[in-house]
Amino acid sequence: MTPAHGSFRQRCTFIIELSRRLHGCGTSTPRLEGAILTVSKRLGVHTEIWCNPTGIILSFSNPQKADGAEITRVLRLSPGDVNLKALAMVDSVAEQVIAGRIDVAAGLEALKVLDVPPSRGREVATFLAFGFASASVAALLRTSVADVAASGLIGLLIGALAIASASRPRLAEASDAIAAMLATFAAAAIAAFVVPLSLQTVTIASLIVLMPGLMLTTAVAELSSQNWASGTARFAGASVVLLKLTFGTIAATQLVQAMGWQPQLATGTQLPPWAEWAGLLVGSGAFAVLFGAARRDVIVVMAGAWIGYGLTRVGGELLGDAGAHLAGGVFFAGLGVAAISNAFGRIFRRPGALLRVSGIILLVPGSVGFRSLNFVLERDVVLGLDTAVAVLSALIALVAGLLFGNLLVPPRRYL
């Protein structure tokens, strides 16, 4: 062990802080545990780790001693959100400490940079990204100009709510339901008094950023890797988010009916084909901001969305009707995104998540699950169950694609 690695206690402290930072970046349990075990081995520390979406237990011992654990830490943490800039910084610090270019004390100081609160400019960018993301999804669905404009406007309102709830825990607990009520009520008001809209499309596009599709996908991936506790907890969390969104939508719909409003539904309007590609371009940029990508990584993150969407289209066309019931296009895209992101990580020694997260964001079935619960709560149980089967099919195809992609090109140090 080189002097740069520091004392045993310093190394343990660094591993604890690294675990906490990776958890805060929204890293899945298999990847977090794999990364920590790899770093621990390189630092000469025997580590036992148990992780779930709301906490981590770490136990450390010296490989040269056989008298059991010397240090045990229990961390109670809130579920992390995807933050690609922080993930890249954590990965870089870990790389430098492992290589001995900086000592453990300097590594700990470097990690403290992540404690700086978001700037005013970042909050404004996030606010605008909510609106652009919602408008771009409506454009990808090739609805009407009115639908795109309404989705963007409502997305901005939800963005303001999300920023306000970040520093208000009680508001944050109910923010999903409030956002769904706000989106449904605003869409109905526009359709009733301004211009006809495709109400369900506008509502889903407006709420797309809040849909827990990525969380559902991560949960199924954790279950498939035998992380039962973490996968079950994350799946339950995603289900609760869907329930809150669905409740807010149903409550707002009933309120609109009680007020006697008559929303006008748009018929026969569709954007030209080029609008779909414009929506992809704008949406990929918006999601890069929402995922907290650093400026140097924005193009990489956007490219991930382009790759995922393009592979889905190619896979769907190649498989045709044969893959319609097995979500073949989603499987093909998941495999390609995993392999390409892992290759990117190995070649450039950067986290593959920079490509992977954005690459699967347009593939995750969160909006379909939302529709399924909507149908069930509206007592259309048969259609709701049929849609739920579509959700399950897409989840299985996507997770299988990611697993096969990891076999094709192994990831670099799990990140």
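Beta carbons closer than 7 Å, at least 6 apart along the sequence or on distinct chains, pair a first residue in region 257-269 that is over 11 Å from A192 (Cβ atoms) and in the same structural domain as T201 (by TED's automatic domain parsing) with a second that is hydroxyl-bearing (S, T, Y) and part of a loop (DSSP other than H, G, I, E, B) for A266/S144; A266/S198; T269/S144.
Yes/no per residue for (1) modelled with pLDDT of 90 or more; (2) of a type in the set (V, I, T):
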residue	(1), (2)
T2	no, yes
H5	no, no
C12	yes, no
I15	yes, yes
L22	yes, no
S40	yes, no
E48	yes, no
N52	yes, no
L58	yes, no
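Taking A138, is it crowded, with 21+ Cβ neighbours inside 10 Å and in contact with an Asp or Glu (Cβ under 6 Å, 6 or more places away or on another chain)?
For A138, the condition - crowded, with 21+ Cβ neighbours inside 10 Å and in contact with an Asp or Glu (Cβ under 6 Å, 6 or more places away or on another chain) - is met.
For region 63-101, enumerate the residues that are surrounded by 15 or more Cβ atoms within 10 Å (Cβ to Cβ) and either over 32 Å from the mean Cα position of the chain (by Cα) or assigned by TED's automatic domain parsing to the domain that holds S358 (or both). Once the filter is applied, which keeps residues that are surrounded by 15 or more Cβ atoms within 10 Å (Cβ to Cβ) and either over 32 Å from the mean Cα position of the chain (by Cα) or assigned by TED's automatic domain parsing to the domain that holds S358 (or both), region 63-101 yields E70, I71.
The number of residues in region 132-156 that are in contact (Cβ under 8 Å) with a residue 40 or more places away in the chain and assigned to a helix (DSSP H, G or I) comes to 17.
Looking only at residues of region 234-259 that are small (G, A, S) and over 16 Å from the mean Cα position of the chain (by Cα), we find that the one that is surrounded by the fewest Cβ atoms within 10 Å (Cβ to Cβ) is A258.
Answer yes or no: is there a residue in region 330-337 that is under 21 Å from G292 (Cα atoms), modelled with pLDDT of 85 or more and either part of a helix (DSSP H, G or I) or basic (K, R) (or both).
Scanning region 330-337, I find at least one residue that is under 21 Å from G292 (Cα atoms), modelled with pLDDT of 85 or more and either part of a helix (DSSP H, G or I) or basic (K, R) (or both), so the answer is yes.
The values are calculated or read from the model by the stated rules, or taken from the named source; none is laboratory data. A quick note: this is a predicted structure, and the numbers were derived from the prediction, not measured. Virtual Cβ from ideal backbone geometry, glycine too; neighbours counted across all protein chains shown.
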